1. For residue A:116, only one of the following conditions fails: (1) touching a residue at least 60 places away in the same chain (Cβ under 8 Å); (2) surrounded by fewer than 24 Cβ atoms within 10 Å (Cβ to Cβ); (3) not assigned by TED's automatic domain parsing to the domain that holds residue A:99. What is its number?
2. Within 24 Å of the chain's Cα centre (by Cα), free of Cβ contacts under 8 Å to residues at least 60 places away in the same chain and either crowded, with 19+ Cβ neighbours inside 10 Å or within 14 Å of chain A (Cβ to nearest Cβ) (or both): does that describe residue B:419?
3. Answer yes or no as to whether residue A:180 is at the interface with chain B (Cβ under 9 Å from one of its Cβ atoms), buried (at least 18 other Cβ atoms within 10 Å of the Cβ) and in contact with a helix residue (DSSP H, G or I) (Cβ under 9 Å, 6 or more places away or on another chain).
4. Can you tell me which of B:185, B:141 is crowded, with 21+ Cβ neighbours inside 10 Å, modelled with pLDDT under 85, closer than 30 Å to residue A:323 by Cα and within 14 Å of chain A (Cβ to nearest Cβ)?
5. Is it the case that residue B:154 is within 21 Å of the chain's Cα centre (by Cα) and either within 14 Å of chain A (Cβ to nearest Cβ) or not in a helix (DSSP H, G or I) (or both)?
6. Could you tell me which numbered condition residue A:53 fails, if it satisfies all but one of (1) modelled with pLDDT of 80 or more; (2) touching a strand residue (DSSP E or B) at 6+ places or on another chain (Cβ under 6 Å); (3) not in a helix (DSSP H, G or I)?
7. Identify the residue in segment A:185-213 that is part of a helix (DSSP H, G or I) and more than 9 Å from every other protein chain (Cβ to nearest Cβ) and, among all such residues, is nearest to residue B:324 (Cα to Cα).
8. Looking at B:484, B:509, B:489, B:471, can you tell me which residue is at pLDDT below 80, more than 30 Å from residue B:98 (Cβ to Cβ) and assigned to a helix (DSSP H, G or I)?
């Protein structure tokens, strides 16, 4: 029967794709054996977490720190489905990529698994947020823009990524600092940097907030005006754009990303994972990747990272409450 | 200049090794397109590590093959098994599966393959020649304009309502409701998720389509197996006849004309052009009686539209660095893997690579045709499998696809629950196509309407602010009231032939439901 064989052929071709996905069902790994590592990306392929995880995968494999690293995606609900799965895992050789967005998503989605339910391993990188206005905008600086914004917050639509994410958090924090009621912020959520970019290039919105990777090239080419970056220091991707602090507002936000592991692991297993990630961080390949992607090196591990997470949780919850995304 | 650049691209792309990667790409793409749930985006993401060892041209040529192959593969299962692999091939299932059941599966597959090739080639040519000009226009399409396009597409739903408008509209509303489930894009609040986290991103269109079309049908067939003999599908002719070709070429071109601009628009998508193409073909056809029973135009048009939009998506990607589909985003990530910064200057700084990519799209497209046409004869034999085995296979296949996305058993529960709904709809003569269309269009219309109103701070006039939305809304109004007004003016009664056809359709609905032929008869 050539026909069924044909069907099997199609199946066999899809198999590599499937097997990787299915592999999250469990790999047998000896305790302490980190030569085979799995990395969960709790979001769809192609996004920021996915890119960071796959970059780390490449560095770990190229430098031989681990022989085999598998990256798989568990999509949904701002990453809270992924963290829920991580909480049920008993595999020590599993890392989950996460970041600032997850902090907000845990509150807005009312997730039963919270950050302190899993084990913090390391913060890896941070991305700078960039505030832009269309090329034909009357505003050239953040101060000018905020003055116009404060006069008519509802009539000043600001585009950015998904509701409750880093971009909206920054909009809320900036509004607070500028004396604008965060609930008045007319934030227009787009599903990604690409869609909001189109709205900005078409001058449909007054301003936009996203990572430097999304808007940077347009600022460099003059299609958009960059008015501020969110980090304490200027970004080497858009060196002419001043920081928010330089412009007179006390706001600093970085879109950081880090790694978590399963709950209840032994100190030894946790230290092994931290050592592995530290080794990867210390390679030249990682330094090159940071440079190529315009990422800031915000490396910190273990308890230090855990404390950082707790501070971020408080800050994010407060601003999301003021925006009105979470109730009291 | 563009032509010589393109020839240079071909020179880079055509080497034995690259051709092999193109073949691998289209094979993989076709395979994942066939499997509902695993799309080209996921496949390219899994293959990203290949970029560390491959030449940029080889990797991109493979990804381009996967991208076009995925668009193509979805149509095969749509036609033969009524199981759309991708949301853009849902419209193909309507007429395509009816054709397959009437024994004309190979003609449907052939028109899909050739139509995809024609549309893909024309659209890729447009991509190479007019991309920079076109994108300037596309970037100015506002959210209000997208809302207007969604309204126009809603009017097109009338063509799939079936013989009972009331049931059709009820099915549409069901789809609109399912579209509400999930997190509201603008406010971030959850709606109708019943506290189940897996529902917070909404219900996947492909899962709904597979459940309503395939699982529903499998259950329905199973429920009828004991009653009477099961008709064996009688397979006529191997390929397209001259008549088929004559009826297909115009829909191919019109489908391309719908698909490409939608692909270029940053939030256009591949679904709306397939709806519009289907509705247009139904209006223009000389064989309106065949629609709902397997009209070849209804396969040729939407298939061309979805492939043309796939090429259109690359326009904003390559000229502005804006990825507007998941696959485009990952191809962009592949560019980044080679240290290439995507953006408005991509075409000038990385010209040779971009042209090699465009050339490889032509190659992949041609390869898909060469690969698929000879397989048509084999694929249709699938229908000779005894029904119990065939439908058991479809169920396995549908479940595997749904489960594979997140490896979450809840996805299977959703699939089966919706499958039971699909069975009930079929049993009681509710058409399923409007439900799926409602699910796709509802969120597009809602998000864009609310975004437009938020940007204007509640001022309704924003909806008719641009010429674009005025023209599109005008067309929608015309399509909606035009036939009614015409009928009223003429005071014309249906001809005996039409009455007879309506009755036949009613019987058809009671027997098997599916899609009928209401709305285009005037």
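The values are calculated or read from the model by the stated rules, or taken from the named source; none is laboratory data. Only a predicted model underlies this, so the values are computations on that prediction, with no experimental measurement involved. Counting neighbours? That spans all protein chains shown, and the Cβs are built from the backbone with ideal geometry, glycine included.
1. (3)
2. No.
3. No; evaluated as a whole, the condition is false for this residue.
4. B:141
5. no
6. (3)
7. A:196
8. After ruling out the rest, the residue left standing is B:489.
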